[in-house]
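Participant: Input: one structure, supplied below.
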Amino acid sequence: SGTTNSLVRRFLPALREADRDATAAMNVLIANSENVRHRIRRCYSLDAVVINPPVEIQRFTVSTQDDGYYLIVSRLLGYKQIDLAIRAFNANGKRLVIVGNGPYLSNLRTIAGKTIEFAGRLSDDAITGHYSRCRALILPGEEDFGITPVEAMACGKPVIAFGRGGALETVLDAETGLFFHEPSVESLLDAIDRCESFAWNPDAIRQHSLSFSRETFLEKTRNLLAKTLA
């Protein structure tokens, strides 16, 4: 409401000052990606240590199966840019399976053509099965880090990602996936076409995903604690 917004605006400067004071008193700041580290530096003029979130790599195994469809695993929210992917796959007529639920579902259904499938919210096992059978994962929006690209790569699958945010840290261009750099249908379509002309190495893609494993996360966390408490 208007009253609520007015109160928020009134107290916002004080809240920002309290936030900066609390942050300045911290011994260590941890960011989940370089992307977030840069944001912390911009907002607080402080540096942070990057420790990527742990991904349960052991849940996944390399798969060479390709059932001919592309995959999105995501909450259906506006900033995820699922609508961009739908328009691209409407244009090229290829199959796209969208796993997930969210407030934008009904809007997305209205623009989806006959080659777009909404699978809804699925169990972890069912999602793993989709990773194993897809041709590639599509990440059409910008993420702080992004778990789903790492999960797809743990199955040996390439990732087609919007070239901003955390994807720049998890996906190796022309090795474990491809970037499209403009938030446009044409840019995404070009990346899809390039993906289909590549001879991907599933084992190499899987190997790269190991750098984001739970074991790596624990090792980095232990090392940071030891250094901080020394």
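Participant: Using a 1.4 Å probe on the protein heavy atoms, what percent of the accessible area of segment 109-217 belongs to carbon and sulfur?
Facilitator: Details: 2260 of 4780 Å².
Carbon and sulfur together cover 47 percent of it.
Participant: Mind checking the angle between helix 82-92 and the chain's longest principal axis? C-alpha axes, 0 to 90 degrees, to the nearest 10.
Facilitator: The two axes meet at around 20 degrees.
Participant: With a 10 Å radius around each residue's Cβ, average the other Cβ atoms per peptide and rank 184-194, 220-230, highest first. Walk me through the numbers on the way to the answer.
Facilitator: Values: 184-194: 16.6, 220-230: 10.7.
Descending packing order for the listed peptides: 184-194, 220-230.
Participant: How far, in nm, would the chain grow between residue 229 and residue 126 when pulled straight, counting 0.36 nm per residue and subtracting the alpha carbon separation? Provide the component values of the computation, followed by the final result.
Facilitator: Working: separation 103, 0.36 × 103 = 37.08 nm, distance 4.24 nm.
Extending this stretch completely gives an extra 32.8 nm.
Participant: Going by Cα centres, segment 163-179 and segment 97-129 are how many Å apart?
Facilitator: 23 Å
Participant: Going by amide H atoms built from the backbone, whose H comes under 5 Å of the H on residue 162, apart from near neighbours?
Facilitator: Here 139, 141, 180 satisfy the definition.
Participant: Can you tell me the length gained on complete extension of the stretch residue 119 to residue 220, counting 0.36 nm per residue apart and subtracting the Cα distance? Please report the intermediate quantities before stating the final value.
Facilitator: Working: separation 101, 0.36 × 101 = 36.36 nm, distance 3.62 nm.
Roughly 32.7 nm would be gained on extension.
Participant: Multiplying the sequence separation of residue 95 and residue 39 by 0.36 nm and subtracting their Cα-Cα distance, what value in nm do you get?
Facilitator: Values: separation 56, 0.36 × 56 = 20.16 nm, distance 3.63 nm.
That works out to 16.5 nm of additional length.
Participant: What shape does the chain take by its C-alpha gyration tensor, where a ≥ b ≥ c are the square roots of the eigenvalues and a/c under 1.5 counts as rounded, a/b above b/c as prolate, and the rest as oblate?
Facilitator: Working: a/c = 2.18, a/b = 1.33, b/c = 1.64.
It comes out oblate by the Cα gyration axes.
Participant: Over the chain, give the accessible area per residue in Å² for a 1.4 Å probe, as an integer. Before the final figure, lay out the partial values.
Facilitator: Details: 12260 Å² over 230 residues.
For the chain, the solvent-accessible area averages 53 Å² per residue.
The values are calculated or read from the model by the stated rules, or taken from the named source; none is laboratory data. Source: prediction; values computed, not measured. No Cβ is skipped: glycine too gets one built from the backbone with ideal geometry, and neighbour counts run over all protein chains shown. Accessible surface areas use protein heavy atoms only, side chains included; no ligands, DNA or RNA. Shrake-Rupley method; radii C 1.70, N 1.55, O 1.52, S 1.80 Å.
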